[in-house]
Every structure is written in C-alpha cells, then in structure tokens.
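S.K.: Pasting a structure below so you can have a look.
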Amino acid sequence: MLYIVATPIGNLKDITLRAIEVLKSADLIACEDTRHTKILLDHYGISRPTTSFFQHNRFTKAEYILGLLKGDKNIVLVSDAGTPGILDPGYNLINLAIKNNIPTTVIPGPSAFINALVLSGKPAHEFYFAGFLPNKKLSRQNKLRELSGLKCTVICYESCHRILATLGDIQSIMDARDIVLARELTKKFEEIIRGTPQVILEKFQKNRPRGEFIIIL
Ligand code: SAM
C-alpha cells in the first residue's frame, strides 16, 4: 500500500492519530527532506527507515519505490509540510503507483491553502488555486492578467523573497483590490494581513517580509 500522509504545516501538534499510526507501521517513509521529517518523527518517538524523494531524484526514486511496493512493502509518502502532491514531487510517485495498480490511500490533514482560504473570509464556495506564480516578471504579469478575469477567489503561494515584487505586480494589474496575505500559518508568528496591495507594501517597508506566504485575491 502507498499511504499519502499529510503532516503539519508548522505546528507539530497538527497531525492525526491515524497519521501517527501509519508512520509507525511504515516499512519506509519517503520524505522530501529526511532531516526535516526527522524532527516530526523524533517528536512522536517514531523510528522507521526514511529515504529522500525530492525534485532532483523524483523519477529514479519513484521507480525504486515502485519496486518496493510491488514487493508488498508499505510505503508512506510525506512532504516537508502539508499534503503530499500539492506542489511537491509527490505527484510523480502517486501517479506511477496508480498506473501500476498499487493500492493507494490518503491520510488527510493540513494543506496550507485550504486554511488560508477559510481564514481569509473571502468566498470559499468557488475558488481557483494557482500554486506559485511564475518567477519571471513578464510571465507573472501575464498570469495575473489571466487570473484577474476569474470571478472567484484566487489563491497563490509565495515566498518572502518574491512577495514584494508580486504585490507590486498585483497593484499595477489589479489596481486597488482588497487582498489577504496569510503568513506563517500555525506558527509562532502567524499573521493575517488585509488591505490593498499599496497598504500592505507600505507596511513591509517598515518591516521586511519574512516567512511563508499565501496570497488570497
Ligand atoms: N504541500 C504543501 C501544502 O499542502 O500546502 C505545499 C508545499 S509548497 C512547496 C510550499 C508553500 O506553501 C510555501 O512557499 C508557502 O507559500 C505555503 N505554505 C506552506 N506552509 C505554510 C504556512 N505555515 N504558512 C503560510 N504558507 C505556507
């Protein structure tokens, strides 16, 4: 069985009893970063073998893990945070397992964008998850133009390194819309920032943006 197991997005207590049970019984835990996952495993006294499964080894490692699954091993797939498969290499393994008729199941838990959406107070009955916006300015601006035509709530992931540039683009392309930034959800410095891109940019001129961000438009 391939178990897709959601893990905390910050607070180590945000894990289900079933996730702990499944992690404890795994033959192998495939992690994005084994050092990162070790913090969680140590916290819950879980001592099972781990292997790294990340962007640069995702094709060869997925084939190796498929071999173990075919040999009746129980493999747990986790990501650095949240639900595997949402913007991490998990997709490659999940897809390969399904194509090879490997029994696959999910142990549900946090995903950053769902929590940001409900906390934003924006309509959540219909929404579009845009993932990370493009790195390059022109592509990012084109993507924002495309998104501004949607008639539902839009969610994007963003890093602290690009948030100022992205806010600048949102300001020029989407004008004075009220937006919401969710920062460091479930962590010590969790913050929800509401306002126009202009107002939020001014705030960041006083305090440099830090941490992980989600933008809700
Ligand atoms: N698999 C994850 C999930 O289920 O949400 C997403 C992984 S994605 C590679 C990482 C991005 O998710 C970060 O750059 C940030 O935009 C967002 N993110 C993850 N944890 C977060 C948190 N605690 N607070 C705010 N954003 C977070």
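S.K.: What are the residues in the stretch 1-30 that are exposed (fewer than 14 other Cβ atoms within 10 Å of the Cβ) and either without any contact (Cβ under 8 Å) to a residue 40 or more places away in the chain or away from the ligand (no atom under 13 Å from the Cβ) (or both), if any?
M.R.: If the condition is that a residue be exposed (fewer than 14 other Cβ atoms within 10 Å of the Cβ) and either without any contact (Cβ under 8 Å) to a residue 40 or more places away in the chain or away from the ligand (no atom under 13 Å from the Cβ) (or both), then Leu12, Lys13, Leu17, Arg18, Glu21, Ser25 are the ones that fit.
S.K.: Restricting the stretch 188-208 to residues that are within 16 Å of the ligand (Cβ to nearest atom) and among the hydrophobic types (A, V, I, L, M, F, W, C), which is surrounded by the fewest Cβ atoms within 10 Å (Cβ to Cβ)?
M.R.: Applying the filter and picking the extreme gives Phe189.
S.K.: While we're looking at this one, here's another question. Among the listed residues Asp88, Asp80, which satisfies the condition of being within 11 Å of the ligand (Cβ to nearest atom), in a loop (DSSP other than H, G, I, E, B) and modelled with pLDDT of 95 or more?
M.R.: Asp80
S.K.: With respect to the numbered conditions (1) more than 18 Å from Ile214 (Cβ to Cβ); (2) out of contact with any Asp or Glu (no Cβ under 7 Å at 6 or more places or on another chain), which one is the sole condition not fulfilled by Phe127?
M.R.: With respect to (1) more than 18 Å from Ile214 (Cβ to Cβ); (2) out of contact with any Asp or Glu (no Cβ under 7 Å at 6 or more places or on another chain), Phe127 is out only on (1).
S.K.: Quick check: is even one residue across the stretch 50-65 buried (at least 22 other Cβ atoms within 10 Å of the Cβ) and in contact with a Ser or Thr (Cβ under 7 Å, 6 or more places away or on another chain)?
M.R.: No.
S.K.: Still on this structure, I have one more. Could you please find all residues in the stretch 167-190 being farther than 13 Å from Phe204 by Cα and in contact with a strand residue (DSSP E or B) (Cβ under 8 Å, 6 or more places away or on another chain)?
M.R.: Of everything in the stretch 167-190, those that are farther than 13 Å from Phe204 by Cα and in contact with a strand residue (DSSP E or B) (Cβ under 8 Å, 6 or more places away or on another chain) turn out to be Ile170, Asp178, Ile179, Val180, Ala182, Glu184, Leu185, Phe189, Glu190.
S.K.: Out of all the residues in the stretch 93-115, which are surrounded by 17 or more Cβ atoms within 10 Å (Cβ to Cβ), within 16 Å of the ligand (Cβ to nearest atom) and more than 21 Å from Val180 (Cα to Cα)?
M.R.: Leu93, Ile94, Ile107, Gly109
Condition check ((1) outside any helix (DSSP H, G or I); (2) more than 16 Å from the ligand (Cβ to nearest atom)) across all residues:
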residue	(1), (2)
Leu117	no, no
Ile155	yes, no
Gly168	no, yes
Ser172	no, yes
Thr186	yes, no
Arg210	yes, no
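S.K.: Do we have any residue at all in the stretch 196-205 that's modelled with pLDDT of 95 or more and assigned to a loop (DSSP other than H, G, I, E, B)?
M.R.: Within the stretch 196-205, one or more residues are modelled with pLDDT of 95 or more and assigned to a loop (DSSP other than H, G, I, E, B).
The values are calculated or read from the model by the stated rules, or taken from the named source; none is laboratory data. This structure is a prediction, so every number in the text was calculated from the model and none was measured. Note that we place each Cβ from the backbone using ideal geometry, even for glycine, and neighbour counts take in every protein chain shown.
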